[in-house]
């Protein structure tokens, strides 16, 4: 059992848990992920490390309420316990030298921040491009600004409620055109990563994507996390989650993410109905 030390609510549907996990905190690296099981009958769900502290023995992850398990997790409070937390899993992000644009969209910013922090600590110049649908859904701005100069933080919102109105490819193209970056890392919704990749390719700039397919066991045994990379099948949980974005079959990845959407909806509906019955 793993104790929830802190619960932070960023918006109506976005939360952060700080969980007591000293062994995990000692071995975590930027880009890796963990798998949690909320209770004895719960499904296994992957989340990327948003932060960790080896000295204090905790790890953090951020999630958005979408389906049954994340809805259940949102009802947990500090002091409650998670049944299982497994990690670190996956390969750490490789720290190449250069001038980097680190792009995070939505809850992908939870992954982008530790990656950006590690690149800065390694002596690289870093520009952070932060994308969200609205100002209320923008995550970790203060954390990014704590490690970067203001002119190296670029914010976009779909509705223009904060920062630049538009999508992350706008500041990315500006940075590429000006020669201010020579490497790109992106994480977030599949369409965002796909079009970030197309933008980087136009400027012959290498780009890495952190992929987020459906996962179950997190060790490569179930095969649910299959992704097509340069025509070859890879397993995101053990071979990734980082891959050369120019070699990703984005259409296949998007289709796989939607494979169980009807089942996920039914599961959420059953959970909500059961909860409503208990409260009546």
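With a simple spin-label model that places each label point 7 Å from the Cα along the Cα-to-Cβ direction, the separation between residue 83 and residue 275 comes to 1.7 nm.
Students often check this: by mean Cβ neighbours within 10 Å, which of 246-252, 29-35, 73-79 ranks highest, and how do the rest follow? Walk me through the numbers before you get to the answer.
Working: 246-252: 16.0, 29-35: 22.0, 73-79: 13.9.
Ranked by mean Cβ neighbours within 10 Å, highest first: 29-35, 246-252, 73-79.
Peptides 105-115, 17-27, ordered by how many other C-beta atoms sit within 10 Å of their residues on average, highest first, read 105-115, 17-27.
Kirkwood hydrodynamic radius, computed over distinct alpha-carbon pairs, for region 144-201: how many Å, to one decimal? Don't skip to the answer; put the middle values down first.
On the way: mean 1/r = 0.0814 Å⁻¹.
This gives a value of 12.3 Å.
Over all alpha-carbon pairs in region 2-89, figure out the percentage whose distance exceeds 14 Å.
Details: 2286 of 3828 pairs.
Cα-Cα pairs of region 2-89 separated by over 14 Å account for 60 percent.
If you wrap the Cα atoms of region 93-247 in a convex hull and average its projected area over all directions, you get 9.0 nm². Compute the long axis of helix 261-279 from its Cα atoms, compare it with the longest principal axis of the Cα atoms of the chain, and write down the angle in degrees, 0 to 90, nearest 10. On a 0 to 90 degree scale, this one is about 40.
Report the full-extension gain for the segment residue 27 to residue 230: residue separation times 0.36 nm, less the Cα-Cα distance, to one decimal in nm. Before the final figure, lay out each step's value.
On the way: separation 203, 0.36 × 203 = 73.08 nm, distance 3.08 nm.
Roughly 70.0 nm would be gained on extension.
Counting only DSSP beta bridges with both residues in the chain, the antiparallel share comes to about 60 percent.
If you line up the long axis of helix 190-202 against the longest principal axis of the chain, both from Cα atoms, how many degrees apart are they, to the nearest 10? Tilt of helix 190-202: around 10 degrees. Would you please state which residues of region 115-141 a label at residue 174 would reach in this model, taking the label point 7 Å out along Cα→Cβ and a backbone N cut-off of under 18 Å? Flagged as within label range: 126-135. Beyond 29 Å, what share of the Cα-Cα pairs of the chain is found? Please give it as a whole percent. It works out to 31 percent of all Cα pairs.
Quick note: the coordinates plus some simple rules give every number you see, no bench work behind them. Predicted model only: the values in this text are computed from it and were never measured. Every residue, glycine as well, gets a Cβ built from its backbone with ideal geometry; the counts of neighbours run over all protein chains shown.
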